[in-house]
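Below: the structure, in structure tokens.
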Amino acid sequence: MDYIHNTIESLKHSSPAQCEFYQAVEEVLDSLQPLFAKTPAYQQQAIIERMVEPERQLMFRVPWLDDQGNIHVNKGYRIEFNSALGPYKGGLRFHPSVNASIIKFLGFEQIFKNALTGLPLGSGKGGANFDPKGRSDHEIMRFCQSYMTELYRHIGPVTDVPAGDIGVGGKEIGYLFGQYKRLTARYEGVLTGKNILWGGSLVRTEATGYGVVYFANYILQDRNSELKGKRCLVSGSGNVAIHVMEKLYQLGAIPVACSDSKGTLYHQAGIDLSVIKQLKLHKRESLTAYLESHQDADYVERDAYPEDGHAIWRLRADAAFPCATQNELNEDDAKALLANGCELVCEGANMPSTKQAVECFISANIAYGPSKAANAGGVATSQLEMAQNASMQNWSFAQVDEKLQHIMKHIFDTASNTAAEFDHPGNLLLGANIAGFRRVADAMIEQGVV
Ligand SMILES: NC(=O)C1=CN([C@@H]2O[C@H](COP(=O)(O)OP(=O)(O)OC[C@H]3O[C@@H](n4cnc5c(N)ncnc54)[C@H](OP(=O)(O)O)[C@@H]3O)[C@@H](O)[C@H]2O)C=CC1
Ligand SMILES: O=C(O)CCC(=O)C(=O)O
């Protein structure tokens, strides 16, 4: 306990005002106590002290011109956290809330997530406090080109391979790739999430959401249950949420609610995914437009729960899939879910549940899939994209999807077996944190003090 307390205090001193980062570190350190008790070498080798310090952090100016010729300046970030297991790997987030703490917590989580896949992946994360909402394609293109004009000198197919995250989808990856190619004259696998026409992998778009649902099904199967027939709440309505809902329908479950930054949509008959895709992937409109074609659905504005929680988690359902953003599910939300009979929480977003909410799920012993295990299908499929790029192959949808399912099963088995090994059977958070940590820590010890 002293060790955890001292580490967090020292981080507060050396990296002030980074509360999301402290939260992510504390959660991992809490889980590692049984491992440290058994294996003092990790403390003797100062693995934690080394792991919480990124190998490299880049912060840079991103100037760009809007369509009216006005100059804007954003802050760009890339954090290269840990390369013990492979090239730095992780997405880019373009959202006005992006700051050093958010990029750092995301990069820290990515260390353990990438290790859990069993693939050769180090950890990185990046982004900018740029808001693509309401911007024209030309403005987004100019922003991406300016961002890459600094980033290109730090990345490469065997050094650091960025991908998408919130606000960065296929379109942005296209503009970033185009600028990288122009600056370097190299056509190579420097980014993942590329279009299939120019070096992408089938299934990468769907992979994070599909992987979350595969993972949820493995947890339920282990408890002699299944997703079929379950009514589900899915927060968000972006890439991850949409593909969670798609796979839920394929497995016979019914997503009855989704949300966006403005509010929550509830449709008892089941969310009409073709309308959501049209609204969110093509037109980028608010969810209120859904009511034009479905008058029997309900919409609740975000402000309905200003202080103490989020409307979506107050709905009655069997399962919850938080797929929007960090800390979107708090203790009151967790209690409401449990009181309404929710049996499964499986996280698509990174660190969507607060520490107190997670404690509620674990002490209630419901099926709980922590984000760094459950949402690792995206980065794992990115590695499959890198493998195809490096070998100049193209695998079919079925081939990639089968590999994704195997990887998600491997992650579930690893987290579950590790939890049992440390006398916390069923605690996948503890199992995932220990298993991810152990793989990276052992590699760091063998590679010396670097
Ligand atoms: N894309 C990937 O492969 C991976 C993504 N993740 C994580 O999944 C989550 C979602 O990412 P992704 O689907 O790719 O992103 P998208 O940009 O495609 O979608 C994000 C969704 O979340 C909503 N949202 C974003 N910020 C907030 C906020 N502060 N409050 C409420 N709602 C919000 C957005 O609403 P609106 O439409 O109004 O903006 C949108 O519906 C993130 O936590 C990301 O880190 C994890 C692993 C891989
Ligand atoms: O595919 C990738 O590299 C990015 C995935 C990612 O950012 C994440 O897992 O949070």
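The values are calculated or read from the model by the stated rules, or taken from the named source; none is laboratory data. These numbers come from a predicted model, not from an experiment. Virtual Cβ from ideal backbone geometry, glycine too; neighbours counted across all protein chains shown. For accessibility, only protein heavy atoms count, side chains too; no ligands or nucleic acids. Shrake-Rupley method; radii C 1.70, N 1.55, O 1.52, S 1.80 Å.
Filtering segment 121-141 down to residues that are part of a loop (DSSP other than H, G, I, E, B) and of a type in the set (Lys, Arg), which residue is surrounded by the most Cβ atoms within 10 Å (Cβ to Cβ)?
Residues of segment 121-141 that are part of a loop (DSSP other than H, G, I, E, B), as a first pass: 121-122, 129-136.
Then drop every residue that is not of a type in the set (Lys, Arg), which leaves 133, 135.
Working: Lys133: 11, Arg135: 18.
Ranking the candidates gives Arg135 first.
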Those residues of segment 107-136 which are farther than 20 Å from Ala435 by Cβ, within 11 Å of ligand 2 (Cβ to nearest atom) and not charged (D, E, K, R) amount to Gly124, Gly126, Gly127
Flagged in segment 388-437 as within 23 Å of Met51 (Cβ to Cβ) and of a type in the set (Ser, Thr, Tyr), in numbering order, are Thr414, Thr418
Going through segment 39-55 in order, the residues found to be charged (D, E, K, R) and either assigned to a loop (DSSP other than H, G, I, E, B) or without any contact (Cβ under 8 Å) to a residue 60 or more places away in the chain (or both) are Glu49, Glu53, Glu55
Restricting segment 228-263 to residues that are crowded, with 24+ Cβ neighbours inside 10 Å and over 22 Å from His282 (Cα atoms), the one farthest from ligand 1 (Cβ to nearest atom) turns out to be Ala253
Exercise for review: Considering every residue within segment 64-76, establish whether at least one is buried (at least 24 other Cβ atoms within 10 Å of the Cβ) and of a type in the set (Phe, Trp, Tyr).
Suggested key: no
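Does segment 212-232 include one or more residues that are in a strand (DSSP E or B) and either among the β-branched types (Val, Ile, Thr) or at negative phi (or both)? Write out each step before concluding.
If we filter segment 212-232 for residues that are in a strand (DSSP E or B), which is where we start, we get 231-232.
If we keep only those that are either among the β-branched types (Val, Ile, Thr) or at negative phi (or both) too, we end up with 231-232.
Yes; the residues of segment 212-232 include at least one that is in a strand (DSSP E or B) and either among the β-branched types (Val, Ile, Thr) or at negative phi (or both).
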Scanning segment 142-180 residue by residue, the ones that are part of a helix (DSSP H, G or I), under 24 Å from the mean Cα position of the chain (by Cα) and surrounded by 18 or more Cβ atoms within 10 Å (Cβ to Cβ) total 12
Exercise. Consider Tyr210 carefully, then state whether it is within 16 Å of ligand 2 (Cβ to nearest atom) and closer than 30 Å to Ala336 by Cβ.
Key: yes
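Which of the residues spanning segment 339-353 are over 16 Å from Cys323 (Cβ atoms) and either within 16 Å of ligand 2 (Cβ to nearest atom) or assigned to a loop (DSSP other than H, G, I, E, B) (or both)?
Asn340, Gly341, Glu343
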| Does any residue of segment 47-55 turn out to be touching a strand residue (DSSP E or B) at 6+ places or on another chain (Cβ under 7 Å) and within 25 Å of Arg153 (Cβ to Cβ)? | yes
Conditions (1) in contact with a Ser or Thr (Cβ under 9 Å, 6 or more places away or on another chain); (2) open to solvent by 10 Å² or more (accessible area, probe 1.4 Å); (3) in contact (Cβ under 8 Å) with a residue 24 or more places away in the chain -> Arg284 fails only (1)
Gly193 vs (1) in contact with a strand residue (DSSP E or B) (Cβ under 9 Å, 6 or more places away or on another chain); (2) under 17 Å from Met141 (Cα atoms); (3) surrounded by fewer than 23 Cβ atoms within 10 Å (Cβ to Cβ); (4) not assigned by TED's automatic domain parsing to the domain that holds Tyr77: all pass except (3)
Residue count, segment 77-90, condition open to solvent by 20 Å² or more (accessible area, probe 1.4 Å) and among the small types (Gly, Ala, Ser), comes to 1
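Restricting to segment 83-94, and then to whatever is under 13 Å from Glu172 (Cα atoms) and not aromatic (Phe, Trp, Tyr), can you tell me which residue is farthest from ligand 1 (Cβ to nearest atom)?
Leu92
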Among residues of segment 371-393 being outside any helix (DSSP H, G or I) and within 13 Å of ligand 2 (Cβ to nearest atom), the residue farthest from Thr414 (Cα to Cα) is Asn375
Residues in segment 9-30 that are open to solvent by less than 10 Å² (accessible area, probe 1.4 Å) and within 26 Å of Glu446 (Cα to Cα) total 5
Of the residues in segment 183-198, those that are in contact with an Asp or Glu (Cβ under 8 Å, 6 or more places away or on another chain) and more than 14 Å from ligand 1 (Cβ to nearest atom) number 1
